[in-house]
1. Which ones in region B:430-463 are over 22 Å from B:Trp281 (Cα atoms) and aromatic (Phe, Trp, Tyr)?
2. Quick check on A:Asp186: is it at pLDDT below 85 and under 14 Å from the mean Cα position of the chain (by Cα)?
3. Scanning for something under 30 Å from B:Met194 (Cβ atoms) and at pLDDT below 95, does region B:95-104 turn up at least one residue?
4. Could you run through region B:79-120 and say how many residues are among the small types (Gly, Ala, Ser) and in a helix (DSSP H, G or I)?
5. Under 7 Å by Cβ, and 6 or more places apart or on different chains, what pairs join a residue from region B:162-187 that is more than 23 Å from B:Met1 (Cα to Cα) and away from every other protein chain (no Cβ under 14 Å) with one that is among the acidic types (Asp, Glu) and in a loop (DSSP other than H, G, I, E, B)?
6. In region A:265-286, which residues are closer than 27 Å to A:Ser308 by Cα and in a loop (DSSP other than H, G, I, E, B)?
7. For region B:357-460, please list each of the helices (runs of 4 or more DSSP H) lying entirely inside it that holds at least 1 residues being of a type in the set (Asp, Glu).
Amino acid sequence: MADYKLIIKRFGILVIAMFLLDWGVGAVLKHFYFTKKNGADYRTNHVINKTKADVLIFGSSKAAYHYDTKIIGDSLHLSVYNAGRDLSYIYYHYALLEAALKRYTPKLIVLDTRANEFHMFKNGEDRDRINVLLPYYDSHPELRQVCLLRGPFERYKLLSKMYPYNSLILNELVELLPIARYKKDDSQDGYIAKYGQFKGGLRPYTVRDAVDTTAALYYKKFVELCKLRKVPLVVAFSPIYQDIHAAANRNVQYAMQVCKNNNVPVLNYLRDTTFASKPQYFYDDLHLNRQGSVVYSSIIGGKLRQLSTHK
Amino acid sequence: MLFNSLHFVVFFLIVTPLYFILPHKFRWIMLLIASCYFYMTFIPIYILILIFTIIVDYFAGIWIEKSEGRERKFYLIISLVANIGVLAFFKYFNFLNENLTLLMSQFGLSNAVPYLKFILPVGLSFHTFQAMSYTIEVYRGNQAAERHFGIYSLYVMFYPQLVAGPIERPQNLLHQFYEKHPLTYENFSIGFKMILWGFFQKLVVADRLSIFVSAVYQNPGAYSSSMLLVAILFFAFQIYADFAGYSNIALGTARIMGFKLMTNFNTPFFSTSVTEYWRRWHISLNTWFSDYLFTPLMIANRDWGKAAVILALMVTFGLSGLWHGAGWTYIMYGLLHGVAVSYEFLTKKFRKKLSKAIPPIIYNNVSMLLVFTYVCLTWVFFRAQSWGDAIMVLKRLFAFQGKFFVFDNNLGVIIYSLMAIAILLVHDLSVHLNHGKSYFLYHKSAAVRMATYCFILVTIVLIGVFDGGQFIYFKF
C-alpha cells in the first residue's frame, strides 16, 4: 500500500511539474514566435495576421522563388505579397487563404500549382508539414480543420502548449541570438531570389502522378473559396527544367479541370519555350534563379494585366 | 499496434492497472487476451500461425521430456521443422525462388514456381526463435516441459516482447508467470525510466534521423560524398536508437508488471572490438546464435582447431545476417561481421601485445573509432534498398564527389539530428561510465532525476517526430 502512495505522490509531482513546464515553455516559445522579424514563420504570420496586399501569391517554394513582387506590382500598379513557402502544400495554401480572407478581400489571387500538386506521399510528408500552422490553432479557429488533418489524435496533442512549436524550436533558438531580433525580413514581400545556375541536363519527369484525393479536395476548396468570396483567381504553372508531358499528367489535368469548371484562367509555363532550353534561367531543375524569375515575373505581370483589362 | 502510438498508450493504461487489480490466478488469462489483441491489431489472421507453432511446440516439449534416445531427437526435429518451416515459407520462399529463377536462367531454363504475395507476419523471426529456444532447452534437459498450455502460450505471446524481442529463454521467463508480482515503487520507477528513455530514443533520435537517412537512401546517386557520409553515420545511430528504444519500452512495460526481461543493448558504440560489439548489440539474438549454433558447430568440428572457430563464426554470422532479411545484402552484412570477428580471433595475441605498447587511453579510443567506422560501413549493406545501391553508396562515398556542404532544406534536419545524437551519446556515456546505469536517470538526488525526466519529456514534445512510423525491427 505504501508503494501505491509513493508512486501516486512521485508521479503526481512529475505531472504537475510537466504541466507548469508545458505552460511556461509554451508561453516563451509563443512570444518568440509571434515577435519574429524575419524568416518563413514571420512571413506566414504576416499573411495570416497583417498583410493587406492587393495581390496575394500562393504556392510552395516555386511560388516563393519565381514571383518577383516588385516586377508584378509595377506591372499591375498594385501592392503584391508572395505567400509562397518552402515545403508547403495545398493544405497550407488553403489555410492561409482562409485566414487572409477572414480579415480582408484582396483584388487578385495567384495560385502557383506544381506538376505534382496532388502527389500521394507514402509517409504523409504533406500533412506533416502542416505543423507550421499549429501555433495558430488556438487563436485562429478557421485553421483548425486543416491542422487536424495531421492525424486523428492531433486535437489531443494540441492540448499541450509546447507541442505547436514541435520542430520549430530551432527557429526559436536562432531568434534568441541578439542579432536576429533586429534583422529585417530577408525576402522582398515574400519573394526570395535564388542565385546560382543549374548545371545538370534535361531529364524526364518521373514523379508518379496518382492523385491524392484529400489534396485534390483542398485544391478544389481553394478555387471555390475564391469564387464564393468573389476574388479573381489565376492559376499558374511556373517552369521546370524537366521533360514533362503535361497533357498526359493526371495531376496537371486534374488542376486544369477544376479551373475549367470554375472559369479560372490558367497560365501554363511548365515547358514554355522561353525557358524550356535555357538552363541558365534555373537554380535547379525545379526552380528558377534570380535571372529566370525576373523574366518569368515580367511575363506573368503582363499576362495578369491583360487578364484584368479584359475583365 | 506500435509502441509509439496513442493506441498503445491507451492499451497500456488499461492492461497494466487491470493486471494489478485482478487476482493472481486470473492474470495470465488477461495477459494472454491482451497479447492476442496486441498481435491481432497488425494482421488478425496471422495469429493462426502463432497458434500452430504454439500447439506443435507445446506437445513437442512434453513428448521430448517423456521420451528417450532417438525418439526424443525425433520430437525436437518435428518442432524445429515446424518453426523453421513457417519462417522459411513466409520469409525466405520468394528469396529462394528468385535465386532459383536466376540460377535456372543461366542454363536457359525457366522457373515455373510462382512468387507468393503476402505481407510478412510481424515479428515472425522473434517468436519462432523464442519458441525454438524452448524445445531445445527441454531437449537439453535445462528446462522442464511446461504443462500449462495457457502459460506456454503466454511465454511465446507475451506482448511486450512478442514482435521485436528480446528473444527470451524459458529459464528466465516461464517461471515469472507463476510468481506473484505486486506493484512496487522500484519496479514502477525502473520501468518508467526505461519507457521514457525508449520513447526518447525512438521519437527524438531514430525517427528524426530517419528523415534524412530515408531521403538519401531513396536516391543515393543524387547526393555528394559528404552527404552520404552523414547518412551512413546517421543510420548507425538511427537503427541503434530505433531498436534499443523498442527494447527499452518492452523491458519497461514488462518491468512495471514485475517481469524482468533480458537486457538487449549495452552501449554498443563504446565497444573496442567487433567481438565486444556483438556482446553489447542485440544481446538476446546473439546469445541465441551462440548457444544454439556457434557453440554446437564449434564443438562438432573441434578437431579442426582454429579452422573450426572460423567456420563456426562465418556460418553463424552469415545466418545471423539472413535472419535479419531475405536478401544478399543482409547476408553480406552478416559475413562482414564474421570476417571482422574472425580477424580479431586470429590476431588476439598480437593485439594484446599492441595494447600493452600503446597508452590505454589512445588504444581504446582509436579501437572504438575503428570499430564504429567498420560497423557503420557494414550498415550500408543493411540499409541500402538493393545490392546495386549499396555498391553505389560505397563507391560514391570514396570517390569524394560533389560539394562538401549541400544542405539546402536539409540543414534544419541535420541540426536537429545532431542535437538528438549529442543527447543520446551523453546519456550512453554516462551509462558506460556508471556501471550500466544512467548517471542522470538513476541519480541519488530526486531533484536531478526529476529534472532529467522533465528534460526528456520537453525534448520529446519539442523535437520528437510523432507518427514517424514503425520500428525497423518489426519487419524481421
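1. The answer is B:Phe440, B:Tyr442, B:Tyr453, B:Phe455.
2. The answer is no for A:Asp186.
3. So far as region B:95-104 goes, no, none of its residues is under 30 Å from B:Met194 (Cβ atoms) and at pLDDT below 95.
4. 5
5. So the pair list comes out as B:Leu174/B:Glu146.
6. Selection gives A:Pro265, A:Tyr269, A:Leu270, A:Arg271, A:Asp272.
7. It comes to B:387-399, B:410-433.
Quick grid of which residues meet (1) in contact (Cβ under 8 Å) with a residue 60 or more places away in the chain; (2) surrounded by fewer than 14 Cβ atoms within 10 Å (Cβ to Cβ); (3) within 30 Å of B:Arg255 (Cβ to Cβ):
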| site | (1), (2), (3) |
| --- | --- |
| B:Tyr37 | no, no, yes |
| B:Leu48 | no, yes, no |
| B:Glu65 | yes, no, no |
| B:Val113 | no, yes, no |
| B:Lys117 | no, yes, no |
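The values are calculated or read from the model by the stated rules, or taken from the named source; none is laboratory data. Everything numeric here is computed off the predicted structure, so don't read it as measured data. Counting neighbours? That spans all protein chains shown, and the Cβs are built from the backbone with ideal geometry, glycine included.
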